[in-house]
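The values are calculated or read from the model by the stated rules, or taken from the named source; none is laboratory data. Keep in mind that what you see is a predicted model, and the values were worked out from it rather than measured. Because the Cβ atoms are built from the backbone with ideal geometry, glycine has one as well, and the counts that use them run over all protein chains shown. We work out accessible area using only protein heavy atoms, side chains counted, and drop any ligands, DNA or RNA first. Shrake-Rupley method; radii C 1.70, N 1.55, O 1.52, S 1.80 Å.
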Amino acid sequence: MTGRTPPADLTVDGTGLLCVTLLLRLRQEIDGAEPGTVVHVVTTDPAAPLDLPAWCHMTGHQYLGAVGAESHTVHALRLTAGARATRPDAPWHRAGREGSQSGAGRGADGLPVEASECRLGEQRQ
């Protein structure tokens, strides 16, 4: 155990991935993992300190915080038993809610504004 953060049961390498693609990788890697699994997410995305806690809040997983001396590059979370499922192709949307939104707050590509902005940022870099 490193300080307050438990060691990883699973490590997701999101190096070089931004916003949406980081969440897609995370969603894919944790699929089928048991509740209680501690996941360390390695990332170079400067928005990860905001995106990962928000995603955990939306899904019900527990965000444990930044890990170690290079705390901006590794984030820990614990998977929970009652987590809300997300769409495999859109992990920022809860599963089964595709038609329930009015479209307000969406970009030209149909994605939520936040996701559209992330995609634009990925294309610029």
Matching residues in the range 36-47 - criterion: being out of contact with any strand residue (DSSP E or B) (no Cβ under 6 Å at 6 or more places or on another chain), more than 12 Å from Leu79 (Cβ to Cβ) and free of Cβ contacts under 8 Å to residues at least 60 places away in the same chain: Thr44, Asp45, Pro46
Among the aliphatic types (A, V, I, L, M) and in a helix (DSSP H, G or I): does that describe Leu22? yes
Could you list, in sequence order, the residues of the range 19-35 that are in contact (Cβ under 8 Å) with a residue 60 or more places away in the chain and open to solvent by less than 80 Å² (accessible area, probe 1.4 Å)? Cys19, Val20, Thr21, Leu23, Leu24, Leu26, Arg27
Filter the range 38-75 down to the residues that are touching an Asp or Glu at 6+ places or on another chain (Cβ under 8 Å), closer than 18 Å to Thr5 by Cβ and open to solvent by less than 20 Å² (accessible area, probe 1.4 Å) and list them by number. Val38, Val39
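Checking the structure you have, find out if any residue of the range 48-55 is touching a Pro at 6+ places or on another chain (Cβ under 8 Å), under 15 Å from Ala83 (Cβ atoms) and modelled with pLDDT under 95.
Yes.
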Name, by its number, the condition in (1) surrounded by 16 or more Cβ atoms within 10 Å (Cβ to Cβ); (2) on the phi > 0 side of the Ramachandran plot that does not hold for Gly16. (1)
